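Since every read-out is calculated from the coordinates, none of them should be taken as a lab result. The model shown is predicted, which means the values in this text are computed figures rather than measured ones. For neighbour counting, all protein chains shown are included, and Cβ atoms are generated from backbone atoms with ideal geometry for every residue, glycine included.
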Amino acid sequence: MKHLIDSMDLSLEELESLFELARDIIKDESKYNEVCKNKIMGALFYEPSTRTRLSFEAAMLRLGGQVIGFSEASSSSVSKGESIPDTIRTVGSYADLIVVRHPKEGAPRYASFKSPVPVINAGDGGHQHPTQTLTDLLTIRQTKGQLGNQTIGICGDLKFGRTVHSLIKSISRYEGIKFVLISPPELKVPEYIKKEILIKKNIPFIEIETLEEAMSEMDVLYMTRVQKERFFNEADYVRLKDTYILDKEKLEYAKKDLAILHPLPRVNEISEEVDDDPRACYFRQVKYGMYVRMALIANMLEVV
């Protein structure tokens, strides 16, 4: 039995196999609309979610399966004090696969130790979000034609952004990757990620504080919001939340084939005037997220 807890749990060969399956689903979804018939997915969302929860549910339903679970902990026995192991063992008695989102780092991994069925991490605090990373990688691959030889700009909350940490770890395994890390000093990429991944692997990167400084160099720009829920001090959040806003004026200096991604939800870090720009990929990214989760579910349930 295999779980997906960390973005590094999949080898490059497994990633490529998953992306090929996702591309085949995109090409002809009807081939897969009953592969999960009589299968049940448990969706345990201890933390609010729109895209991740609904894309997992849509993915399972489009594969012909069914979904049980909860969208907030208060609507389950968790509100009565039930532990994660007990919840996992219970839901694992009903479901063939469990998807867990939790505000505490490490909770999905802990759940996987107790689960009788495969577990997928749908996000744990500021730590990991592997299926968002699969979404990001598939979007880049579909948009740019490859994952290697790219200059990746990542802008916004690089300290608490679990999507940022997962993306850096995963795409760093491809050849010819360079990073432009754009953030205020308070929200820089954690030192352990720089030391253990970027410096250790000799991956070129620069840290800057304004979008304009390197806009012309980037092949991919990954925008993120400043996450209010990760701050202990609201004054710090208010001070930093509008630090970066991508608009048409800033894009005048960008490459014509730049790919703009965002894990969403967006607050105001990308102006709505950018939505009609052909370089804006973030709503296509949402669709790719459903397809790659379809591929992942089918793969983990061994129905393809």
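Under the combined filter of DSSP loop state and at most 15 neighbouring Cβ atoms within 10 Å, segment 1-101 retains these trypsin sites (Lys or Arg not before Pro): LYS2, LYS37.
Considering only DSSP beta bridges where both residues belong to the chain, give the percentage that are antiparallel (nearest 5). Looking only at bridges with both residues in the chain, the antiparallel portion is about 5 percent. Label sites at ARG284 and ASP247, each approximated as a point 7 angstrom past Cα along Cα to Cβ, lie 2.6 nm apart. Remark: segment 130-286 carries a charge dipole of roughly 840 debye about the Cα centre, counting +1 on each Lys and Arg Cβ and -1 on each Asp and Glu Cβ. Reported to the nearest whole Å, the Cα centre-to-centre distance from segment 116-138 to segment 257-272 is 20. Under a cut-off of 16 Å between alpha-carbon atoms, report the lysines in cross-link reach of LYS248, not counting same-chain residues fewer than 8 places apart. Partners found: LYS256.
Each Cα pair under 8 Å and six or more residues apart adds its sequence gap; the mean of these over the residue count of the chain is a relative contact order of 19 percent.
For segment 130-286, the spherically averaged projection of the C-alpha convex hull amounts to 8.5 nm².
With both labels modelled 7 Å from their Cα along Cα-to-Cβ, the ASN38 to LYS114 distance reads 3.1 nm.
In sequence order, segment 279-295 has phi-based couplings of 7, 6, 10, 5, 7, 5, 4, 4, 5, 4, x, 5, 5, 6, 6, 4, 5 Hz under the Karplus curve 6.51 cos²θ - 1.76 cosθ + 1.60, θ = phi - 60°, and Gly or Pro positions carry x. Net charge dipole, the chain: roughly 740 debye, given to the nearest 20, about the Cα centre with Cβ charges of +1 for Lys and Arg and -1 for Asp and Glu. Listing THR50, THR143, THR135, THR87 from fewest to most neighbouring C-beta atoms within 10 Å gives THR50, THR143, THR87, THR135.
The value of relative contact order for segment 130-286, using C-alpha pairs under 8 Å at least six residues apart, is 25 percent.
Note on VAL267 and GLU302: the extension gain reaches 8.8 nm, defined as 0.36 nm multiplied by sequence separation minus the Cα-Cα distance. Excluding same-chain residues fewer than 8 positions from LYS169, which lysines have a Cα within less than 22 Å of its Cα? Cross-link targets: LYS2, LYS104, LYS144, LYS159, LYS178, LYS188, LYS194, LYS195, LYS200, LYS201. For segment 135-185, the Kirkwood hydrodynamic radius from C-alpha pairs, put into Stokes-Einstein at 25 °C and a viscosity of 0.890 mPa s, yields a diffusion coefficient of 214 µm² per second.
Fully extending the segment from GLU213 to LYS201 would add 1.8 nm, taking 0.36 nm per residue of separation and subtracting the current Cα-Cα distance. Plainly put, the chain has a radius of gyration that is 0.96 times its Kirkwood radius, both from alpha-carbon atoms, as the Rg/Rh ratio.
Over all alpha-carbon pairs in segment 1-99, figure out the percentage whose distance exceeds 20 Å. Here the long-distance tail beyond 20 Å is 49 percent of all Cα pairs in segment 1-99.
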